[in-house]
Each structure stands twice: as C-alpha cells, then as structure tokens.
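Undergrad: Structure in structure tokens, see below.
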Amino acid sequence: MPSHLQRRLSIVAAVVGLHVAGVWALQSGLLRRAMEIVIPVQVMADLIEAPQPEPPPPAPPAPPEPRQATPKPPAPKPRPAPPPPKPLPVATTSPEPSPMQAAPAEPTPAPVEPVVAAPVAPPAPPAPPAPPAVVEPISNADYLNNPKPAYPAMSRRLVEEGRVLLRVFIETDGRPTRINVLRSSGFERLDRAATETVMQWRFVPGKRGGVPEAMWVNVPVDFKLNK
C-alpha cells in the first residue's frame, strides 16, 4: 500500500481509538486529564499535515522553428550587346565646277505701284448771299398828312359800315398809280370812296436792300359810324 493511504488509515484508527477512550474517560471521570494530556499532540500533528504540492503543469510544446525560405538563385546578368559594326567609309566624288558655269541671275525686283493720292473733295461752294431786306411802302407817316376817306352821305343814312382792303402799286417817288379791291366792304359806295381817297395819298416808297423800289402794298380802309 502506498504511504499516503497508510498514513490516513492510521489517523482514522487513532481518532476512533480516541473516541473510545473518551467515552471510557467520561465514564470513569478522567476525561479532563485525558483531554489535556493525550489528544492535542498526536491528532493535530496528523490532521495539519501540509498538503502535497501538485505536480507542475506540463510545459507547452515548443513552437516549430520557422522554415527558412530557400533563397532564389540570382538572375543571370544580361550579356552586353555587341557594339554595332562601324560603317565602312564611302568614297564620295564631288563634281568639279564647270569653268563656264554662269553666275546665278539676280531676282527681278517687283514693280512698285505708284501711290495714288486720294481725290481731294472740291471746296464747298460759298453760301449764297442773304436776300436783301425788303421794306414795304408806308402810308401812315405823320408828315404825309394823308386825309381819311369821306363817309358817303347815303351810306350814313343807310348805316353802311365795313372794311375795304385795297391792293396799291406804289412808284419809287411814293405815288400810287394802280389800285385793286382785294376784299370789298359789302357796299359799293364805301369801296368807291376808299379807292378815290387812297389814289390821292402819298407813300414812303418801298426799298430793297436800302434802294427805293416800286412795289405792291396792301392798304386797309375802315368805315365805321360814331353812334
């Protein structure tokens, strides 16, 4: 039998024996002395036995050694290309210059076109002179002392009124020589009285550019009764 098992059996037998002795001691009155002398030494020595150390765990297996890659054989070095063959010299023959070779002709210059000047516009004709100022004959100047036409008596009685517009031709000396009725007053007596009176007037002759000139002029004559 192993020693470990024998030791346990001896401990169990000792415990049983102690119990038996204890029972007997209780009966005989010797329990106290037996507890003080016998029990502590042997029982405690066997019960507090140090536990056996457990066997250490097995060591982990060593990792396999890494496989070393077999080095590839070095690539063969490229052979240098053979140098290209040197070109063979080619014999060239230069033509001999002809003794009678003509010199190159000079280029003919392009004809230069004459520059045509732009036609100059003729000067603008001078502006025509302004027409001379025209001044019509005048009949109402104070120094002329032209009388008013006489009111016909019959026209007064019949209460005839109106305006006569005469067209009078005035000579360079201021005398009227022709008279036309442009617009009648509506009454023959009034028109005749106006014509006879104006034929006796004197006018300031008309002028063109400051020079006296015979010309026509319109002369109005009014007939109006005082009521």
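Undergrad: For segment 171-205, enumerate the residues that are touching a strand residue (DSSP E or B) at 6+ places or on another chain (Cβ under 7 Å), over 30 Å from VAL159 (Cβ atoms) and part of a loop (DSSP other than H, G, I, E, B).
TA: Correct list: GLU171, THR172, GLY174, PHE203, PRO205.
Undergrad: In the list ASN146, ASN226, ASN180, which residue meets the criterion of being free of Cβ contacts under 8 Å to residues at least 12 places away in the same chain and polar (S, T, N, Q)?
TA: ASN226
Undergrad: Inspect segment 125-135 for any residue being part of a loop (DSSP other than H, G, I, E, B), at pLDDT below 95 and surrounded by 10 or more Cβ atoms within 10 Å (Cβ to Cβ) and give the result as yes or no. So that I can check it myself, show each step before the final result.
TA: Step one: of segment 125-135, the residues part of a loop (DSSP other than H, G, I, E, B) are 125-133.
From the residues that got through so far, the ones that are at pLDDT below 95 too are 125-133.
From the residues that got through so far, the ones that are surrounded by 10 or more Cβ atoms within 10 Å (Cβ to Cβ) too are 132.
Within segment 125-135, one or more residues are part of a loop (DSSP other than H, G, I, E, B), at pLDDT below 95 and surrounded by 10 or more Cβ atoms within 10 Å (Cβ to Cβ).
Undergrad: Something else now. Could you list, in sequence order, all residues of segment 153-212 that are within 23 Å of LEU225 (Cβ to Cβ), among the β-branched types (Val, Ile, Thr) and surrounded by 14 or more Cβ atoms within 10 Å (Cβ to Cβ)?
TA: If the condition is that a residue be within 23 Å of LEU225 (Cβ to Cβ), among the β-branched types (Val, Ile, Thr) and surrounded by 14 or more Cβ atoms within 10 Å (Cβ to Cβ), then VAL164, VAL181, THR195, THR197, VAL198 are the ones that fit.
Undergrad: Please give the number of the condition VAL217 fails out of (1) touching a residue at least 60 places away in the same chain (Cβ under 8 Å); (2) exposed (fewer than 14 other Cβ atoms within 10 Å of the Cβ); (3) assigned to a strand (DSSP E or B).
TA: Among (1) touching a residue at least 60 places away in the same chain (Cβ under 8 Å); (2) exposed (fewer than 14 other Cβ atoms within 10 Å of the Cβ); (3) assigned to a strand (DSSP E or B), the lone unmet condition for VAL217 is (2).
The values are calculated or read from the model by the stated rules, or taken from the named source; none is laboratory data. Just so we're clear, the structure is a prediction, and the values are computed from it rather than from any experiment. So basically every Cβ, Gly included, is an ideal-geometry build from the backbone, and we count neighbours across all protein chains shown.
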